[in-house]
Structure formats: structure tokens, C-alpha cells
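Down below is the structure, laid out as C-alpha cells.
The values are calculated or read from the model by the stated rules, or taken from the named source; none is laboratory data. No experiment lies behind these values; they were computed from the predicted model shown. All Cβ positions, even for glycine, are placed from backbone atoms using ideal geometry, and neighbour counts span all protein chains on display. SASA here: full protein model, heavy atoms, side chains in, ligands and nucleic acids out. Shrake-Rupley method; radii C 1.70, N 1.55, O 1.52, S 1.80 Å.
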Amino acid sequence: MLVVTWETDGIGNCVVLAGKPYVYARTTAGEFVLMARCSHRGGPLHLASFSPGTTRLVCPWHSRATSVTKALRAGIPAVRRGKRVTAVFDVPATEKAEIEYRPLSPDLVC
Amino acid sequence: MTSGRPPTHAPYPYPLSADALREAVAQYGANPVYQDSAEWFNEDNPYRRQMRPQDLGHLDFSRVLPASEILGNSALAAQRLLTSIYEADMMYLPPTGFAEKREDFSAFYNASNRTLGEMIRPALERHAYGFLDDEVHVTGKWTRDSFRSYLEAFAENPPNGDSPSIRAVENSRDPERAARMYLLQFAADFLSEASPMVRNALGNYGNPQSEWFKIIIDEYGYGVHETKHSRLYENTLESVGLRSDVHHYWQFYLSSSLMMNNYFHFLAKNHENFFRHLGALYYTETALIEDCRSQSKMMRKVFGDSADVTYFDEHVHIDTHHSRMAIDKLIWPVIEQCGEGVIPDIVRGFEELQAINVIADRDLVDQIRWMDGEPAGKDLHGPVRAAIDSGTVTAPVTRVVEPRGKLTNTFVHDEDVLCHVVSGTMKVVCGLDSHHILEAGQGMVIPRQRLHGASIESEECVYEINSVGDYRKCLS
Ligand SMILES: [Fe+2]
Ligand SMILES: [Fe+2]
């Protein structure tokens, strides 16, 4: 397994693993590691807002809704201390992680 | 909020209303053993703990302090109260002169003090530790494998013992004074070492309980008093000219030093925090190995061969075992017994203690710097007063008149203040063996969250306290 530590905010707020971007989301529903690419057509889920009153993030590209209940309940194991998050990804420890930046929608940083 | 989080932050059952809480705290603080002292030190009397009861009625312990206020006066008051409440469970006897202290003994251990303490404890814990719920958050589904990988990653980049506070001591203008201030910060913890652990020695929870007990046996020196860890620390203190009686330096503990010690009581007194305690214990026994190595080196560097560093050297050795025991004999078997669902709490304790460590280190660095004259409070008197006089800054003022010998017991301000002496002489104490004398017309800036006290050195002293907010605004 691969352990990565990165920042929740600002430059370096995103881990890219095997081409998939992950950000740390702090939402009204809870905190979790979010795979920031929509499974529909690869839209930017890091810019998604919640469909009002639900735990579904609506992708800004094609309005496809993605539920975060699984990420909340049984998501990628992670711990945030202050503005640093350490997560354990279920990939070989030899996998190369790139640290990048993604802008986050207001719903993901509350 | 996600699952698996004990409700520190959330309301607890049967809370007191803010008013009832204030009243109960005031009642607790009215105990004779908690009154202000006319001296800076407690003389071989473990029951005396100055609480500044005059402040208690003005503080709102019903709220959760945000991280920005965690070194403020309310936090300091809460940590002093909690220390006293937790320690009512521990046994203390002064080495000498018990007969004269018997009344204090009764006042500290009597049922009213204990019961009032228990009534206010949950609110104080929430007040002082609720911020951790925001500071540390564990999420996702933790398994044995992910937890093992997390620990392995930690072991690959372990803390190297390079602590900012040790560096501050070594680089201080007066390293010996700074080192004494540093050492006394641990006295509340080390002179009663491992007492919180004993809270989890009772009951019945299988094999891990006996493993837990083995660590306690080491901490207590196998029943040989001279090897008990608290005894080793007494020797350390005495070897550098410090006193070793319990809470002799009560007024000189920083809020964060008490926060660190009380954190373990908070975890151990409330058994719902057992798994967090496991995580914090593992961090302590692991990371502090290198800390003890650095502490031992610092002692040698500052005090030379006369310093007794047995305490620190012993921990470099024994904590290598304790670290291994904590993980192999306690944590993994407990996960085996209770399931992977307890891992998030273990991770939480492991991370929370690191968060508290960072706070305590920063607090101590700032205090040592301030004892060394940074910022130079007396030099700032002129410019800050000019800014107030010219009206550039509005600073509410309190005028105080005090007689000779009056001792303002230590506390912190929540914002920078300018202390200005109108007449008489005042001594402002910034830490152990560190003070400034202020004569009429003189004054100094006392930065927010810096521990200090004062005494009057003339027949009478008239002085003003101006609350300036951020003193740097007065300089532009
Ligand atoms: Fe020990
Ligand atoms: Fe130990």
C-alpha cells in the first residue's frame, strides 16, 4: 500500500496516482478523500457542488450526480492533522504519486 | 460528521447550563487551597494550586475554545483546574511537615472538592480539548493492512528529536535559566509519571491488560523506589538546582505543558477514549526515544557533568522496549480482540498527541524568547504609549493601586497589553529567574499568551494596563 502525505489547501492540494487525481474534501456531510474525476466523462469533480439537501456531488460538465456516502462511510483511509492529510492508497508502495494543484468548489472546503 | 468519533465536541449528557457551570467553577475555586499565594513557589505542599479564583467567574467554560485561543487565559485556567481535578484521584503526601498541612490535605481530598470537580470536569475537557475534533480528523475504512502501512511510513521518517524548544534552550541568552524553565515544565507529568496509565490497569480486558501492566511495572521501577521514573526525575531536577517537591513551580507551568499532561488523564479517566489512549501511548513511547536522547545531550551541553541525566538515558533504553510492547503486545492484540473498527481511534490518538506536541513546543519557544527579552517589552513602552497618547490606537485602560508585597499570581492576557507604572515600583516576572523592574514613568509590553506575574516593590504602586490588541499596530 502507498502512504501519501499532502496539503488540504493551496498549491499541492491534489495527489495524482496512475493518472487519477485525489483531493481532501471537507464538507457539511463530513471529511473524506475524493477521487476528483467524474466517472462519467472525466469531468472535474473538485469543482462540483452538492445537489441541495443531498450527499450527491453534481459534476459541472454533464450534471451527473456522484454519491459520496461510500467515500464517507468506507472511503480511502486517511487522517488530517491541521492542513496536512496522510492517506493510505490500495496500490503498490512502488507506485509514483505526483503532487499537483486543483481548485476546489466552496462545497468541498467548508 | 462521519462515524467513529467520540463526542468530545458534542454536548455530553446532563450538561450544566452556562450559569450553573460558572457557579460550580466559582465554588470549586473558592477552596482555600486554590487561593492566590503571596509567594511565587509552593513550599513542599502538593495540595496548594493557585487558580486565580478572581478570574474564574469571568470565564466562559461552556464553549469549545478554537485553536487560536488554546494558549489564552481561559485555556490556562481550565488546564489548572483539570490538573487539580485529575490529581484528586492520585495520592500525594509531602515529605515533611504533614501535621501543618493536614488541613490542606483535607481541603484537597474532601468529598466537596471531588464532587464539584467531577461536576465541572466534562465541560472543562470539552472547553480545552474540543478543538482537537477540528484539528485531527480520521476518515475512511481502515484495515489492518492500511494501518500497518501507515505505521511503516511513519517509521521510515521518524521524528528526529530535533525539537524547536531544545534548540531555543541551547540558543538562549541564558541557557541554564532556559533549561530550568524547560525542565520544570515536565514536572507536573514526570513527578507523577505514568499515573494516567494506571487508570487503565483496572478491570478485565484480557491479555493486553497484563501487557499494559508490564509497562507500568517499568515506570514504577519494579517496586524499588530509587528506580521509579518519578524518582529519577527528582534527581534530574535537584542536580541542576531545582526543587523536586510536587507543584513547587505551579505558577510557572505553561498552559501547554499542563495540556500535554492532562491529555493523558483526559484519555485515561474517560474509558471511552481507551483506543485513543493506545495511539497516544504508542506515539509517546516511540517518538520520545529520540526526544530523550536530545534532552540528555542538551543537559550535558548546558550544565556539564554535574547534571543527572539518568532519567533521559533510562528512557532511551526502556522506551525502545515500550514502543515494541505497545505495538506488538497491546495494539495488534486489541485490534484482534475488538476488530478493525477501533483503528481510527488509535490513529486519532497517535495524531492528536503530535498536534499537542507542536503547540507545546511553540509555546515554550515563545516563552524562552520572551524571558530573553524578545520582543523587547521595555523598549516598546515609548512608541506604544505614544501611539495611545496620540489617539492612533484606542486602548481601554484599567488603573490599579496595589500595596507593597501584593503578588499578582501568574496568568496570561488574551491580547497584547501595555503595562505603565504611574508611581512606585513593580517587578514583572516573565518566567523562572526572569524579571523586569519598572519604576514610575516606565512600562513594558506584555505580549498576548505569555505567562507572567508581578509583585509590588514599593509602599504603593499605581499602574495602568492598556489593552492594545496587537502592539505592532502601534508601531506603524
Ligand atoms: Fe517512564
Ligand atoms: Fe515508557
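Set side by side, the residues B:321, B:277 differ, and just one is open to solvent by less than 30 Å² (accessible area, probe 1.4 Å), within 16 Å of ligand 2 (Cβ to nearest atom), assigned by TED's automatic domain parsing to the domain that holds residue B:209 and not aliphatic (A, V, I, L, M), which is B:277.
Condition check ((1) more than 30 Å from residue A:78 (Cα to Cα); (2) of a type in the set (A, V, I, L, M, F, W, C); (3) modelled with pLDDT under 95; (4) within 16 Å of the chain's Cα centre (by Cα)) across all residues:
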| position | (1), (2), (3), (4) |
| --- | --- |
| B:150 | no, no, no, no |
| B:156 | no, no, yes, no |
| B:160 | no, no, yes, no |
| B:167 | yes, no, no, no |
| B:173 | yes, no, no, no |
| B:179 | yes, yes, no, no |
| B:183 | yes, yes, no, yes |
| B:188 | yes, yes, no, yes |
| B:191 | yes, yes, no, yes |
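Check segment B:201-209 and report whether any residue there is within 16 Å of ligand 1 (Cβ to nearest atom), modelled with pLDDT of 95 or more and either closer than 16 Å to residue B:267 by Cβ or within 14 Å of another protein chain (Cβ to nearest Cβ) (or both). Scanning segment B:201-209, I find at least one residue that is within 16 Å of ligand 1 (Cβ to nearest atom), modelled with pLDDT of 95 or more and either closer than 16 Å to residue B:267 by Cβ or within 14 Å of another protein chain (Cβ to nearest Cβ) (or both), so the answer is yes.
Taken as a whole, the condition of being free of Cβ contacts under 8 Å to residues at least 40 places away in the same chain and either hydroxyl-bearing (Ser, Thr, Tyr) or surrounded by 21 or more Cβ atoms within 10 Å (Cβ to Cβ) (or both) does not apply to residue B:62. Of the helices (runs of 4 or more DSSP H) that lie entirely inside segment B:156-261, those containing 3 or more residues that are within 16 Å of ligand 2 (Cβ to nearest atom) span B:195-198, B:207-219, B:229-239. Residues in segment A:9-37 that are buried (at least 21 other Cβ atoms within 10 Å of the Cβ), out of contact with any Asp or Glu (no Cβ under 8 Å at 6 or more places or on another chain) and assigned to a loop (DSSP other than H, G, I, E, B): 1 in all.
Screening residue A:98 with (1) out of contact with any Phe, Trp or Tyr (no Cβ under 7 Å at 6 or more places or on another chain); (2) assigned to a strand (DSSP E or B); (3) within 14 Å of chain B (Cβ to nearest Cβ) gives one miss only, at (3). When segment A:42-91 is filtered for residues that are within 14 Å of another protein chain (Cβ to nearest Cβ), surrounded by fewer than 21 Cβ atoms within 10 Å (Cβ to Cβ) and in contact with a Lys or Arg (Cβ under 7 Å, 6 or more places away or on another chain), only A:74 remains.
Tallying residues that are within 14 Å of chain A (Cβ to nearest Cβ) and within 16 Å of ligand 1 (Cβ to nearest atom) within segment B:301-343 yields 0. Conditions first: (1) within 14 Å of chain A (Cβ to nearest Cβ); (2) surrounded by 19 or more Cβ atoms within 10 Å (Cβ to Cβ); (3) of a type in the set (Ser, Thr, Tyr). Residue B:143 passes all but one, so which condition is the exception? So the condition that residue B:143 fails would be (2). In this entry, residue B:351 is excluded by the filter for residues that are surrounded by fewer than 17 Cβ atoms within 10 Å (Cβ to Cβ) and either within 14 Å of chain A (Cβ to nearest Cβ) or over 26 Å from the mean Cα position of the chain (by Cα) (or both). Taking segment B:291-308 as the range and being without any contact (Cβ under 8 Å) to a residue 40 or more places away in the chain and surrounded by fewer than 20 Cβ atoms within 10 Å (Cβ to Cβ) as the test, the residues that pass are B:297, B:300, B:304, B:305. There is at least one residue in segment B:373-382 that is closer than 21 Å to residue B:256 by Cβ, open to solvent by 10 Å² or more (accessible area, probe 1.4 Å) and modelled with pLDDT under 95.
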